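Enquirer: Can you read through this structure? Questions will come right after.
Each value in this text was obtained by applying a stated rule to the coordinates, not by laboratory testing. In this text, all values refer to a predicted model and were calculated from it rather than measured experimentally. Here the Cβ positions follow ideal geometry from the backbone for every residue, glycine too, while neighbour counts run over all protein chains shown.
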Amino acid sequence: QARSDPQALYFNDPIWSNMWYMHCGDRNSRCRSEMNVQAAWKRGYTGKNVVVTILDDGIERNHPDLAANYDPYASYDVNGNDYDPSPRYDASNENKHGTRCAGEVAASANNSYCIVGVAYNAKIGGVRMLDGDVTDVVEAKSLGIRPGYVDIYSASWGPDDDGKTVDGPGRLAKQAFEHGAKKGRHGLGSIFVWASGNGGREGDHCSCDGYTNSIYTISVSSTTENGHKPWYLEECASTLATTYSSGAFYERKIVTTDLRQRCTDGHTGTSVSAPMAAGIIALALEANSQLTWRDVQHLLVKTSRPAHLKANDWTVNGAGHKVSHLYGFGLVDAEALVVEAQKWTAVPAQHVCVAVADKRTRSIPVVQTLRTTALTTACADRSDQRVAYLEHVVARISISHPRRGDLQIHLISPSGTKSQLLAKRLLDHSNEGFSNWEFMSVHCWGEKAEGVWTLEIQDMPAQVRNPDKQGKLKEWSLVLYGTAEHPYGAFGSHQSRSRMLELPTPELQPPTATLSLSQAEVPEDEEDYAGVCHPECGDKGCDGPGADQCLNCVHFSLGNSKTSRKCVSVCPLGYFGDPGARRCHRCHRGCETCSGRSPAQCLSCRRGLYHHQETSTCVALCPSGFYADESQRNCLKCHPSCRKCVGEPERCTVCEEGFSLARGSCIPDCEPGTYFDSELVRCGRCHHACRTCVGPSREECIHCAPNFLFQDWRCVPACSEGFFPEDTPGLPHRVCRRCDENCLSCEGSSRNCSRCKSGFTQLGTSCVTNHTCSNADETFCEMVKSNQLCQRKLFVQFCCRTCLLAG
Amino acid sequence: PPPRPVYTNHWAVQVLGGRAEADRVAAAHGYRNLGQIGNLDDYYHFYHSKTFKRSTWSSRGPHTFLRMDPQVKWLQQQQVRRRVKR
């Protein structure tokens, strides 16, 4: 499945090479199966004219990697009831989720900033709806934002994944889903993409999530870089497809745009998969804008595949599709999706058939299995409801039970496909049971609907329970969704062409100058060696079976006449293939792979060297303005404000001109009279009273402007009463100091009072209360007067009357 | 025991007769009509500023007579739904 692709695309976005899930075709990548997004791009599909919106906690619309594609018409703030979906900023960056999801879909390409979105030419919007009370009204409003304009709604949230919750959309949100599917996109139907649950570790089961269970949502699961099951993954029969994400502590996470105009490599969980799938679906909508919401699901069923995804429950359903409760129909394939979408004709109308409606109440025996079967013609007698070929199957079940987590439910289709509608949930002690809960399965997709359906319910107590209290199946009904005729037509356009996909079509295989000749066409006059040539031998045949015995090569020849030459399909490391001469040439020393001989044509480097993408060279030390990324062994750009950084774009050690280092970041040296606004990352103007400041208001001055004085943390034109201006060394302005107590105005010093408060008498430069002006000791005070000591404050306190009379 | 519901001072109300009628019904019972709920025709978002913003009890008081207004086909006091980011 994985093809090494020498013509991999290059983008100057610094974190492009860290997007490991976009490079699974590379030789040294650990993710062995491709989602083939680059291949879809090469066919020209990048999401143009498609509108995606992220329902979440907001979107940083002025993020440098989102601003170009941001679409205000696809955005709204339901929490704040206005048109600005910007997230609420706080110290914990709690509302980063929406911005991270948005970057995955439509981060700009080739703008030297952060990453490249899966649909980097799509329009991206955001609906801020999680940052407040989420109610049915909030959800319904969010799901109904401009359905005639928005194509795809992506949601990476849901009910609590605590392994004991059963919850889903309320009445209004359900109506919003139905309205969107029926009337959205001018009748083609809105596309709702939903992240499957994250409660794997709590033993949760995503059939208890009404959003992923809905037929109107595309529920997307995740797999790790190595194709393993992530620790958080939940199983259920409603999962449709899978993308890469994080999932094991030693495996890499997802890189995307982050809050405060940054970039992160820590985006995780199934939150990643919904936007990634939404971006891939956007490529398909660009290929064929007339796809209906059901067409998109059909396309995903048809083109997703197990690849190397590891699960022990892969089965082949009655229509020949491989399906699993972990990954649905498997890893999405963007290229196959766009190729199929181009030539897709809409599937027939959806029919809905209530095949079974059983209201008999029955006890569910402990440990044994309650099995109930129903034979159905799938409404064959009703032409407007007849379902011959299945899409979604919904079992609407009501059960009373003392401990819901002990229940396990399976549904077996006429073709024998067994869908696990519910698994045991050890943490679910609820005695609420299920009330008309709609368990949905996509596992019977494409199968015949007619025949015997079997529902199996098992009660497997995880703990000792009161034996008298048994579960009861109160009623259940089976609703079949699908088409009366084959969705792809008996031998319709897709059928003939879809079969071509199984076979390598010419354009999918690397063009070869010469088709390898089958045995029968070997020319008769080949006398010396009549055996089979090596597959790499060209049309001139060979003189032996070995690759070094060819007379010419199909692909490339390696080596030279002195060192013996042989034919190879791909040039080894340290060489590059010259298609014209069909020869392998040596790269410049230090290059591991290259596109030419010169030192500036290196694509990757030998151990110990770093690949400098700007110049395509291999260097021992990354130049100024770049840092060495050890994992990728390349030089990545520092943040534009850093001259030197270490390990990460934002961990600066030396700043560019006009910036200064503050806590490992480079902050612009704003001109006097301005300050650095970290929100908007630019210099803002100080208040006119400030010479320098840390913010726009009068209270945020550092130094005062000329003719202003500093008093109580503010710059004032003049000191207030009870204060006097004082020059302070080291400050470019005077400071208002408080006069002594009881003094209204003083000059030069707090003690040099020139006017006392009422009720006080000025005595020299002091203020004394009128009724307490007396002498401590008459003799002593005479001595003070005669020695003219009344100037001294200390003596004034003891000889108030004498000094007052002495003037 | 299952988590207790948390009621808000927001209502979803189904009123036939268009926006004007919904405004009239809202004003008559002390609510403010915040407009149609997304793309759902005849469904409106009512808000009452004089009741508890959040409560574990459903709302009581004269404003609940809205339920008996003949123009009101259906209404539901909105509960907080716990949603987690994945």
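Enquirer: Which far-off residues, 5 or more places away or on another chain, put their amide H under 5 Å from the one on A:C642, with H placed in the peptide plane?
Expert: Close amide H contacts, sequence-distant or interchain: A:E656.
Enquirer: Which distance in nm do the two modelled labels at A:E747 and A:V464 give, with both placed 7 Å along the Cα-to-Cβ direction?
Expert: If labels sit at A:E747 and A:V464, their model points lie 9.7 nm apart.
Enquirer: Based solely on its DSSP helices, what 222 nm [θ] is calculated for the protein assembly as shown when runs of n ≥ 4 H residues each add -39,500 (n - 2.57) and the sum is averaged over all residues, nearest 500 deg cm²/dmol?
Expert: -3500 deg cm²/dmol
Enquirer: Using DSSP to call loops (not H, G, I, E or B), can you name the trypsin sites (Lys or Arg not before Pro) in segment A:603-700 whose Cβ has at most 11 other Cβ atoms within 10 angstrom?
Expert: Sparse-neighbourhood loop trypsin sites (Lys or Arg not before Pro): A:R607, A:R663.
Enquirer: Can you pull the one-decimal nm distance between simple spin-label points at B:R24 and A:R737, each 7 Å off the Cα toward Cβ?
Expert: So the label points at B:R24 and A:R737 sit 7.5 nm apart.
Enquirer: From the square roots a ≥ b ≥ c of the eigenvalues of the alpha-carbon gyration tensor of segment A:570-652, which class results: rounded (a/c under 1.5), prolate (a/b over b/c), or oblate?
Expert: Here segment A:570-652 falls in the prolate category.
Enquirer: As an exercise, use a Förster radius of 51 Å and the Cβ-Cβ distance of A:A357 and A:E94 to find the FRET efficiency, rounded to the nearest 0.05.
Expert: Once the sixth-power term is evaluated, E becomes 0.65.
Enquirer: Among A:A349, A:G279, A:T361, whose Cα sits farthest toward the positive end of the charge dipole of the protein assembly as shown (+1 at Cβ of Lys/Arg, -1 at Cβ of Asp/Glu, about the Cα centre)?
Expert: Projecting each Cα onto the dipole axis, the largest value belongs to A:T361.
Enquirer: Given R₀ = 30 Å, FRET efficiency for A:Q385-B:K73 by Cβ-Cβ distance, to 0.05?
Expert: 0.60
Enquirer: Something else about it: Quick check for me: using +1 on Lys/Arg Cβ and -1 on Asp/Glu Cβ, what's the dipole size of chain A about its Cα centre, in debye to the nearest 20?
Expert: For chain A, the charge dipole is close to 640 debye.
Enquirer: Would you work out which of A:A581, A:C591, A:C605 lies farthest towards the positive end of the dipole of segment A:568-616? Charges go on Cβ: Lys and Arg +1, Asp and Glu -1.
Expert: Selected residue: A:A581.
Enquirer: Could you work out the relative contact order of chain A? I mean the mean sequence separation of Cα pairs under 8 Å and 6+ apart, divided by the number of residues, in percent.
Expert: 7 percent
Enquirer: Computed over the Cα atoms, what is the radius of gyration of segment A:601-720 divided by 2.2 N^0.38 Å, N being its residue count?
Expert: Cα-based Rg divided by the globular estimate yields 1.56.
Enquirer: Turning to a different aspect of this structure: Roughly how many Å is it from the Cα centre of segment A:73-109 to that of segment B:8-60, as a whole number?
Expert: When both Cα centres are located, 27 Å separates them.
Enquirer: Taking θ as phi - 60°, what are the ³J(HN,Hα) couplings along segment A:107-121 by the Karplus curve (6.51, -1.76, 1.60), each to the nearest whole Hz, with x for Gly and Pro?
Expert: 4, 5, 9, 6, 10, 6, 9, 6, 10, 10, x, 4, 10, 6, 10
Enquirer: Further, regarding this structure: Report, largest value first, the span of the C-alpha coordinates of chain A along each principal axis, in whole Å.
Expert: The Cα atoms of chain A stretch 140, 88, 52 Å along the principal axes, largest first.
Enquirer: Evaluate the distance, in nm, between pseudo-label points positioned 7 Å from the Cα of A:R201 and of A:S435 along their respective Cα→Cβ axes.
Expert: Once both label points are built, they end up 3.3 nm from each other.
Enquirer: Averaged over its residues, how many other protein chain Cβ atoms are within 10 Å of peptide B:33-44's Cβ atoms?
Expert: That average works out to 6.
Enquirer: By per-residue mean of other Cβ atoms within 10 Å, what is the highest-first order of A:175-181, A:424-430, A:308-314?
Expert: Answer by packing, highest mean first, reads A:175-181, A:424-430, A:308-314.
Enquirer: Can you tell me the 0 to 90 degree angle between the C-alpha axis of helix B:18-28 and the longest principal axis of chain B, rounded to 10?
Expert: Orientation of helix B:18-28: about 70 degrees from the principal axis.
Enquirer: Here is a further query. Using the Kirkwood radius built from alpha carbon pairs, what does the Stokes-Einstein equation give as D for segment A:675-720 at 25 °C and 0.890 mPa s, in µm² per second?
Expert: 232 µm²/s
Enquirer: In whole angstrom, how far apart do the alpha carbon centroids of segment A:40-66 and segment A:397-444 sit?
Expert: Cα centroid of segment A:40-66 versus Cα centroid of segment A:397-444: 37 Å apart.
Enquirer: Which whole-Hz couplings ³J(HN,Hα) result when phi for each residue of segment A:741-750 is put into the Karplus expression 6.51 cos²θ - 1.76 cosθ + 1.60, θ = phi - 60°, listed in order with x for Gly and Pro?
Expert: Values, residue by residue: 4, 6, 10, 7, 8, 9, 10, x, 7, 5 Hz.
Enquirer: What is the set of long-range amide H partners of A:D677 at a cut-off below 5 Å, with H atoms built 1.01 Å from backbone N?
Expert: Amide H to amide H, under 5 Å and 5 or more residues apart or across chains, A:D677 pairs with A:R682, A:C683, A:G684.
Enquirer: In the protein assembly as shown, what % of DSSP beta bridges are antiparallel (nearest 5)?
Expert: 80 percent
Enquirer: Using alpha carbons only, how many angstrom separate the centre of segment A:645-661 from the centre of segment A:595-615?
Expert: 25 Å
Enquirer: Taking Cα atoms of segment A:324-459, Rg/Rh with Kirkwood Rh, to two decimals?
Expert: My calculation of the ratio gives 1.03.
Enquirer: Whose amide H sits under 5 Å from the amide H of A:Y70, counting only residues 5 or more places off or on another chain, with H placed in the peptide plane?
Expert: A:I124
Enquirer: Under the rule a/c < 1.5 gives rounded, and otherwise a/b versus b/c splits prolate from oblate, where does segment A:32-144 land using the Cα gyration tensor?
Expert: Cα axes put segment A:32-144 in the prolate bin.
Enquirer: Where the only charges are on Cβ atoms (+1 Lys, Arg; -1 Asp, Glu), what is the dipole of segment B:1-74 about its Cα centre, to the nearest 20 debye?
Expert: Dipole about the Cα centre, nearest 20: 420 debye.
Enquirer: I'd like to compare A:329-339, A:379-389, A:76-86: which one has the highest average count of other Cβ atoms within 10 Å, and what's the full order after that?
Expert: A:329-339, A:76-86, A:379-389
Enquirer: Turning to a different aspect of this structure: When a/c is below 1.5 the answer is rounded, else prolate if a/b is larger than b/c, else oblate, so apply that to segment A:278-382 with a ≥ b ≥ c taken from the square roots of the Cα gyration tensor eigenvalues.
Expert: Oblate is the answer for segment A:278-382, as a/c is 1.5 or above yet b/c matches or exceeds a/b.
Enquirer: Ordered by packing density, taken as the mean number of other Cβ atoms within 10 Å over each peptide's residues, highest first, how do A:295-303, A:701-709, A:459-467 rank?
Expert: A:295-303, A:701-709, A:459-467
Enquirer: Using θ = phi - 60° and the Karplus relation 6.51 cos²θ - 1.76 cosθ + 1.60, list the HN-Hα couplings for segment A:199-215 in order, rounded to whole Hz, with x at every Gly or Pro.
Expert: Per residue, the Karplus-derived 3J(HN,Hα) values read x, x, 5, 8, x, 7, 9, 6, 6, 8, 10, x, 6, 6, 7, 6, 5 Hz.
Enquirer: Now a separate question. Enter the mean number of other protein chain beta carbons within 10 Å of the beta carbon of each residue in A:155-163, as an integer.
Expert: Counting Cβ atoms of other protein chains within 10 Å of each residue's Cβ and averaging gives 3.
Enquirer: Let me know the mean shielding of A:127-139 by other chains, meaning the per-residue number of their Cβ atoms within 10 Å of its Cβ.
Expert: For peptide A:127-139, the averaged partner shielding equals 5.
Enquirer: Turning to a different aspect of this structure: Considering the protein assembly as shown, which cysteines have no disulfide-compatible partner, defined as another cysteine with its Cβ under 4.7 Å away?
Expert: Taking the Cβ cut-off of 4.7 Å, the unpaired cysteines of the protein assembly as shown are A:C101, A:C208, A:C444.
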